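Notes to accompany the following structure.
The values are calculated or read from the model by the stated rules, or taken from the named source; none is laboratory data. The shown structure was predicted, so the numbers you read here are calculated from the model rather than taken from an experiment. A quick note on method: Cβ atoms are made from the backbone with ideal geometry, for glycine too, and the neighbour counts reach across all protein chains shown.
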Amino acid sequence: MRCRVACCAAAIEPAKPGHLALTIHKQKDRKTMLLFYSPFHRFVHKVLVAIHETGLGDDVELVPTFPFRNADGEWVEGQYDISMLNPLGKVPTLTADDGTVLYQSQVIVEYLDSISKANKLYPAGGPERFDALRRLGLGDSIFDFAVQMSMEGWRDEGARRLDLYTWLWPKITRSFDFLEEECDGWSDFDIGDVGLLQGISYLDGMATGNDSLPENPCHDWQGRWPKLAAWFQLSLQRPSVQVHYQKPFEGDASAQFHRSKVEQALALAVRSGA
Ligand SMILES: N[C@@H](CCC(=O)N[C@@H](CS)C(=O)NCC(=O)O)C(=O)O
């Protein structure tokens, strides 16, 4: 059973006559959702692309959240805690305007699509839908593998587990072989493409020219898989990508701002419970 742990007073108080128009106007101007995410724009963020493709750019406030290191590379673990909202303590985490807290990017993008004001990213049904979901799963796995390898690189060189790399790289190169075959026929842009863009762009930022990565077969991935690279370069031009990709985050990224937004989210939070 779902229970509301706290409510926004303004949402439950009956509007006074004469105040109604003002209330409605204020609510329209306000960003009503909060997205806790890591503002590293060296890769394409699936959730940011979905926000813009679905026409929700004016409805979502971005809250920079650093699970490990901040933009200056300093360890800030714990200062940007979101575990009261998401027990996994992971970004991205979204609070919707009714206070519902959603986490795992796959869940967030599907929610955004369900309330879309513009494009739908999920094909309605049939083979197209399941093909999009398959590519989303592939992109998310490539992303997870690349993150795993990147985090392994935080260990001292001698302490890195080489078998992790020899286990993960073939999964990535086989995926790229499959995608090189498939991508010729791609024209529409759906949630599968968004997932692939996130995974490939993270791998691109981590692997390109980086020969210090053990067993790296992807240092020149764009030369090895040219059709996939052409699709990647074209997709990067989409406005929903350009709005953030490779652009520094310019808002408030302080721990104080973050705390104030966690408190705001908690005041509205709805979570599952007895
Ligand atoms: N499968 C998850 C992955 C999210 C994820 O791994 N987030 C990392 C940053 S890239 C994180 O927040 N890690 C913090 C932690 O593990 O404590 C999703 O797609 O949302």
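Across the stretch 218-249, what is the number of residues that are touching a Pro at 6+ places or on another chain (Cβ under 9 Å) and either more than 16 Å from residue 205 (Cβ to Cβ) or small (Gly, Ala, Ser) (or both)?
1
Given 196, 213, which one is in contact (Cβ under 8 Å) with a residue 24 or more places away in the chain, closer than 30 Å to residue 154 by Cβ and in a helix (DSSP H, G or I)?
Of the residues listed, the single one that is in contact (Cβ under 8 Å) with a residue 24 or more places away in the chain, closer than 30 Å to residue 154 by Cβ and in a helix (DSSP H, G or I) is 196.
Does residue 179 count as in contact (Cβ under 8 Å) with a residue 12 or more places away in the chain, assigned to a loop (DSSP other than H, G, I, E, B) and crowded, with 17+ Cβ neighbours inside 10 Å?
The answer is no for residue 179.
Each row is one residue, and each column tells you yes or no for (1) under 30 Å from residue 241 (Cβ atoms); (2) modelled with pLDDT of 50 or more; (3) of a type outside the set (A, V, I, L, M, F, W, C).
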residue	(1), (2), (3)
17	no, no, yes
23	no, no, yes
32	yes, yes, yes
35	yes, yes, no
38	yes, yes, yes
42	yes, yes, yes
52	yes, yes, yes
57	yes, yes, yes
64	yes, yes, yes
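Which residues, counting only those in the stretch 161-176, are more than 17 Å from residue 223 (Cα to Cα), surrounded by fewer than 16 Cβ atoms within 10 Å (Cβ to Cβ) and either of a type in the set (D, E, K, R) or touching a residue at least 24 places away in the same chain (Cβ under 8 Å) (or both)?
161, 162, 163, 166, 171
Can you name the number of the only condition in (1) within 16 Å of the ligand (Cβ to nearest atom); (2) surrounded by fewer than 20 Cβ atoms within 10 Å (Cβ to Cβ); (3) not assigned by TED's automatic domain parsing to the domain that holds residue 60 that residue 157 fails?
With respect to (1) within 16 Å of the ligand (Cβ to nearest atom); (2) surrounded by fewer than 20 Cβ atoms within 10 Å (Cβ to Cβ); (3) not assigned by TED's automatic domain parsing to the domain that holds residue 60, residue 157 is out only on (1).
Across the stretch 182-193, what is the total count of residues that are at pLDDT 95 or above and assigned to a helix (DSSP H, G or I)?
5
Tell me which helices (runs of 4 or more DSSP H) are completely within the stretch 225-269 and hold 1 or more residues being over 26 Å from residue 135 (Cα atoms), aromatic (Phe, Trp, Tyr) and under 18 Å from the mean Cα position of the chain (by Cα), or say none if there are none.
Where helices (runs of 4 or more DSSP H) fall fully within the stretch 225-269, none carries at least 1 residues being over 26 Å from residue 135 (Cα atoms), aromatic (Phe, Trp, Tyr) and under 18 Å from the mean Cα position of the chain (by Cα).
Let me confirm something: among 213, 197, which residue is of a type outside the set (Val, Ile, Thr), surrounded by 13 or more Cβ atoms within 10 Å (Cβ to Cβ) and within 17 Å of the chain's Cα centre (by Cα)?
197
List the pairs whose first member sits in the stretch 88-103 and is of a type in the set (Lys, Arg), whose second member is assigned to a loop (DSSP other than H, G, I, E, B) and surrounded by 20 or more Cβ atoms within 10 Å (Cβ to Cβ), and whose Cβ atoms are under 9 Å apart, counting only residues at least 6 apart or on separate chains?
That search, which allows pairs on different chains as well, returns 90/82.
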